[in-house]
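Accompanying notes for the structure given below.
The values are calculated or read from the model by the stated rules, or taken from the named source; none is laboratory data. Everything quoted here is computed from the prediction, not taken from an experiment. Quick reminder, even Gly has a Cβ in these numbers, built from the backbone with ideal geometry, and neighbours come from all protein chains shown. What goes into the accessible areas is simple: the full protein's heavy atoms, side chains included, and nothing from ligands, DNA or RNA. Shrake-Rupley method; radii C 1.70, N 1.55, O 1.52, S 1.80 Å.
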Amino acid sequence: MMTDIFLVNPPLDKKTTSKFPMSGIPLSIAYLACYLRERKISVGVLDAPIMNFDFEQTNMEIIRSGAKTVGVTCLTENRYSAIKVLENIKKSKKDVVTVIGGLHATFSSRLLLENYPFIDIVVRGEGEETLYEIIRTLKSNKSLDKVNGISYRKNNKIVHNQDRE
């Protein structure tokens with residue numbers, strides 16, 4: 001069975017991560033995975049720091065999943081690592097849809113889309129319902145313009161849809 005979305009907590013990388021990285025279970029990814037699975041969305045999850053995966057191992061795991069969409073959690077202290085995961089997977093699989101969310105992404109949506117062409121969608125705010133709508137919209141080949149809480153590119157312009165309640 002093909003994985004609809006693969007959620008990643010990016011690797012810790014001394015070159016790109018804060019001296020004081022977050023530690024512990026990435027609850028945001030756990031919440032997202034549970035929410036999506038309850039709604040019959042096929043979800044893969046990788047906690048790269050717990051698995052002690054580097055970027056290459058992370059990329060191989062994403063490819064192995066066969067996921068059409070890859071979502072990465074992005075806090076300020078791991079932003080470069082999160083961005084690198086999406087850049088790597090886009091180089092390997094051009095047709096994959098890349099999604100970034102989390103606290104840093106919420107407040108940096110314009111900057112992320114302006115500076116990183118391999119990022120397709122930024123989820124702003126809480127992601128459960130938004131990510132579910134993204135997956136349903138992509139599976140039905142519809143436009144993202146009715147999905148609240150996201151920023152993305154359309155016709156080479158950055159679009160910020162209405163905030164999600």
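Answer yes or no: is there a residue in the stretch 67-90 that is farther than 16 Å from N9 by Cα and out of contact with any Asp or Glu (no Cβ under 9 Å at 6 or more places or on another chain). Scanning the stretch 67-90 turns up no residue that is farther than 16 Å from N9 by Cα and out of contact with any Asp or Glu (no Cβ under 9 Å at 6 or more places or on another chain).
Taking into account only those residues within the stretch 76-92 that are touching a Leu at 6+ places or on another chain (Cβ under 8 Å) and among the hydroxyl-bearing types (S, T, Y), which is least open to solvent (accessible area, probe 1.4 Å)? Residue satisfying both the conditions and the ranking: S81. Looking only at residues of the stretch 46-75 that are at pLDDT 95 or above, surrounded by fewer than 20 Cβ atoms within 10 Å (Cβ to Cβ) and among the hydrophobic types (A, V, I, L, M, F, W, C), we find that the one that is farthest from V123 (Cα to Cα) is M60. The one condition from (1) at pLDDT below 95; (2) assigned to a loop (DSSP other than H, G, I, E, B); (3) in contact with a helix residue (DSSP H, G or I) (Cβ under 7 Å, 6 or more places away or on another chain) that E126 does not meet is (3). For the stretch 92-108, a tally of residues being of a type in the set (G, A, S) and within 9 Å of the chain's Cα centre (by Cα) returns 2. Under the condition of being farther than 17 Å from R37 by Cβ and touching a Ser or Thr at 6+ places or on another chain (Cβ under 8 Å), the residues counted in the stretch 116-137 number 9.
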